Amino acid sequence: MSATPAAAAVESETNGRVQQHRRYLMCRPEHFTVSYSINPWMEPSRPTDTNLALQQWQSLYDTYTELGHEIELIDPVEGLPDMVYTANGGFVIDGVAYGPKFRFRERADEAPAFIDWFAASGFEVAEPVEVNEGEGDFLLVGNTILAGTGFRSTGDSHREVGEVFSREVVSLTLTDPRFYHLDTAIAVLDPVEGPGGVEKANIAYLPNAFDERSQAILRERYPDAIRVSDADGAVFGLNSASDGKNVIISPRAKGFEAQLRERGYTPVLVDLSELLLGGGGIKCCTLELRGGTR
Ligand code: ARG
């Protein structure tokens, strides 16, 4: 967009972004540490500060509640340091929770903990057969499920998730090991059908995280998407949460912050630097609960 600052401001007013209510599942990082390495960000020899992780996580929690969103908590389990990344705990639409099946042994025991939580919290559980890491690799954009593969969730899980939810699934292949989950390379800006219909649903993404075929699909389906720079992708700028108006992002993603403002969104900056030592950011610590009882 080649708008002058004044024109951009007018446009953001006329864009009239509407905030939608969200219900999220989070997990306090009481046992957070990096004791193994299953992604390039994790270096077990580097010390971690659990108190700092707790403080930063609390600032994300407070940001959501101040914006009026509803947070559910799952109890952290000792010995499962990655449980703070609840996005991997399942994928939930219309009160149905498709359970996770983790790729690595180190996280396998998180699956029953999340599945038990869903069952006890009024969700209908769909037990997975195929390896999948929940909302880390499945993103709902309008009525379509974008599904990532290449590092964690398998192509077979893409078929399975489509069967569970009877929705169109678009498979995308990740190629850069730093961006091993789909939610590190795509941010859903308008996740739910709004007054303007699902065709208004838009995304932001990092083109270089994908193979050629996937880039072509994204270009064609989302011609108005925000394409972020490699620099903003590298600080996990896309690992963010949007309520349709406010977009919670890393303070390091300066270019993305400006792009969001230009489009009429309100960037809200939350620093999760300590949790990045485990290879996770804002979105990783957030699982959206769609439907279900309260
Ligand atoms: N250490 C975790 C792992 O490698 C981080 C998970 C990040 N979660 C996400 N949704 N991207 O599995």
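Per residue, the average separation of C-alpha pairs within less than 8 Å and at least 6 apart gives the stretch 22-94 a relative contact order of 49 percent.
Obtain the nm distance between the two label points defined at Glu30 and Asn143 by a simple spin-label model: each point lies 7 Å from its Cα along the Cα-to-C-beta direction. For Glu30 paired with Asn143, the spin-label model returns 4.3 nm. Summary value for the chain: 23 percent relative contact order, contacts being C-alpha pairs under 8 angstrom separated by 6+ residues.
Can you tell me how much longer the chain between Asp94 and Arg261 gets when fully stretched, taken as 0.36 nm per residue apart minus their C-alpha distance, in nm with one decimal?
On the way: separation 167, 0.36 × 167 = 60.12 nm, distance 3.11 nm.
Stretched fully, the Asp94-Arg261 segment lengthens by 57.0 nm.
Only lysine pairs 8 or more places apart, or on different chains, with alpha-carbon atoms under 22 angstrom apart are counted in the chain, and they number 6. Extension gain, Lys254 to Ser166: 0.36 nm times the residue separation minus the Cα-Cα distance gives 27.9 nm. Could you tell me how far the Cα centroid of the stretch 204-278 sits from the Cα centroid of the stretch 35-110, in Å? After rounding, the separation between the Cα centres reads 20 Å.
Using Cβ point charges alone (K and R +1, D and E -1), the dipole size of the stretch 90-198 about the Cα centre works out to roughly 300 debye. Take the Cβ atoms of Glu70 and Glu212, set R0 to 41 Å, and the FRET efficiency comes out at 0.50. Spacing of the modelled spin labels on Asp224 and Ala120, each 7 Å from Cα toward Cβ, amounts to 4.4 nm. For the stretch 84-153, the residue among Phe104, Pro128, Leu139 whose Cα projects farthest onto the positive side of the dipole built from Cβ charges is Phe104.
How big is the Kirkwood radius of the stretch 220-260, worked out from every pair of different alpha carbons and given in Å to one decimal? Write out the running numbers ahead of the final one.
Working: mean 1/r = 0.0936 Å⁻¹.
Answer for the stretch 220-260: a Kirkwood hydrodynamic radius of 10.7 Å.
Per-residue ellipticity at 222 nm computed for the chain from its helices equals -8000 deg cm²/dmol, with DSSP H segments shorter than 4 residues left out and the rest contributing -39,500 (n - 2.57).
What is the P(r) of the chain, as percent of Cα-Cα pairs per 10 Å bin from 0? Distribution as computed: 7, 30, 39, 20, 4, 0 percent. Only Cα pairs under 8 Å and 6+ residues apart enter the sum, and on that basis the relative contact order of the stretch 114-213 stands at 26 percent.
Here each label is just a point 7 Å from Cα along the line to Cβ, and for Val129 and Gln55 those points are 4.9 nm apart. Each peptide in 175-186, 67-78, 157-168 gets a packing score, the mean of other Cβ atoms within 10 Å over its residues, and the list from highest to lowest is 175-186, 157-168, 67-78.
Any read-out appearing in this document is the output of simple, stated calculations on the displayed coordinates, not a laboratory observation. Predicted model only: the values in this text are computed from it and were never measured. Positions of Cβ are backbone-derived with ideal geometry, glycine not excepted, and every protein chain shown enters the neighbour counts.
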